Amino acid sequence: MTAAGFDGVERRGLMFVLSSPSGAGKTTLSRLLLEREPGLKMSVSATTRLPRPGEVEGRDYFFVDKPRFETMVKQGELLEWATVFDNLYGTPRAPVEAALSAGQDVLFDIDWQGTQQLHQKASADVVRVFILPPSAADLEKRLHTRAQDSDEVIRGRMSRATHELSHWAEYDYIVINHSVDDAFAEVQSILKAERLKRERRTGLTEFVRNLQGQLEK
Ligand code: 5GP
């Protein structure tokens, strides 16, 4: 799990988790991160939910039926999984392991249940970020603007938001999404700082040893 850092010092890949109530802007922030941060790869989840208009198989999700999902669980193919809004969602293990061992960081858009499971498995490598909407009115507006779900589904998502919010304190960082630009800058800063953490930078000992060697000459 080592990546060459931007400055040539090797480091361990990290798992960057974004969670939020749906409608808080997490999808936009994930897209911006992937566009602007080289070395970051999205973990594409499997789900039993039906595709929304515009969603693409293999890019947004792997859409599977319940028996297939259950087989994946039984065969240990999922790193974590949970029931969200009556559907099953889970993270396929193999692509995450492949990305980390190829020296990439991995971005996860998963809920608090999945975040807990990832953290139990690999706490040192997991960075947890929770995105909050600035107000309930803002959240509702975004859910309607997205126009991908029926009114009934939106009502369900609003009432579930209260429950999701209650898990905010299980996260390392909290970003309040007043504006996409500001929230993005904050999330990007978190990623940059976490990449620089000493414990992740496995190549530092060698780097400093070389530096000392040069100084002693
Ligand atoms: P949506 O149906 O709006 O795409 O996603 C609903 C919720 O499921 C979101 O909060 C999203 O973060 C969460 N989710 C998506 N994929 C996964 C996954 O693989 N595992 C878990 N635990 N949650 C997921």
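The values are calculated or read from the model by the stated rules, or taken from the named source; none is laboratory data. Everything numeric here is computed off the predicted structure, so don't read it as measured data. So basically every Cβ, Gly included, is an ideal-geometry build from the backbone, and we count neighbours across all protein chains shown.
Here are the numbers for the structure shown:
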item	result
Cβ pairs under 7 Å, 6+ apart, first in the stretch 28-40 and modelled with pLDDT of 95 or more, second part of a loop (DSSP other than H, G, I, E, B)	Leu40/Gln104
The stretch 132-150 residues that are free of Cβ contacts under 8 Å to residues at least 24 places away in the same chain, paired with ones that are crowded, with 17+ Cβ neighbours inside 10 Å (beta carbon under 7 Å, 6 or more apart)	His144/Ile154
Out of Phe108, Phe16, Phe63, sole residue that is under 29 Å from Arg146 (Cα atoms) and in contact with a Pro (Cβ under 6 Å, 6 or more places away or on another chain)	Phe63
Some residue of the stretch 64-83 being in a strand (DSSP E or B) and hydroxyl-bearing (Ser, Thr, Tyr)	yes
Hits in the stretch 34-62 - residues which are buried (at least 17 other Cβ atoms within 10 Å of the Cβ) and farther than 18 Å from Ala99 by Cβ	Thr47, Thr48
Condition met for Val175 (assigned to a helix (DSSP H, G or I), farther than 23 Å from Glu97 by Cα and of a type in the set (Val, Ile, Thr))	no
Some residue of the stretch 81-100 being over 20 Å from the mean Cα position of the chain (by Cα) and without any contact (Cβ under 8 Å) to a residue 24 or more places away in the chain	yes
Residue in the stretch 81-103 that is more than 29 Å from Pro134 (Cβ to Cβ), in contact with a Pro (Cβ under 8 Å, 6 or more places away or on another chain) and either away from the ligand (no atom under 12 Å from the Cβ) or not charged (D, E, K, R) (or both) present	no
From Thr115, Thr28, Thr48, residue being near the ligand (Cβ under 9 Å from one of its atoms), hydroxyl-bearing (Ser, Thr, Tyr) and farther than 30 Å from Thr205 by Cβ	Thr115
Flag for Gly114 being modelled with pLDDT of 95 or more, surrounded by 21 or more Cβ atoms within 10 Å (Cβ to Cβ) and part of a helix (DSSP H, G or I)	yes
Residues of the stretch 127-145 satisfying the condition of being β-branched (Val, Ile, Thr) and away from the ligand (no atom under 13 Å from the Cβ)	Val127, Thr145
Of the criteria (1) free of Cβ contacts under 8 Å to residues at least 12 places away in the same chain; (2) within 30 Å of Ser150 (Cα to Cα); (3) under 17 Å from the mean Cα position of the chain (by Cα), which one Glu55 fails	(3)
Some residue of the stretch 182-193 being without any contact (Cβ under 8 Å) to a residue 24 or more places away in the chain and assigned to a loop (DSSP other than H, G, I, E, B)	no
Single unsatisfied condition, Gln148 versus (1) surrounded by 19 or more Cβ atoms within 10 Å (Cβ to Cβ); (2) within 12 Å of the ligand (Cβ to nearest atom)	(1)
Lone qualifier among Ser189, Ser166 - being at pLDDT below 95 and surrounded by fewer than 16 Cβ atoms within 10 Å (Cβ to Cβ)	Ser166
Phe69, sole failed condition from (1) under 20 Å from Phe130 (Cβ atoms); (2) crowded, with 19+ Cβ neighbours inside 10 Å; (3) over 17 Å from the mean Cα position of the chain (by Cα); (4) not hydroxyl-bearing (Ser, Thr, Tyr)	(1)
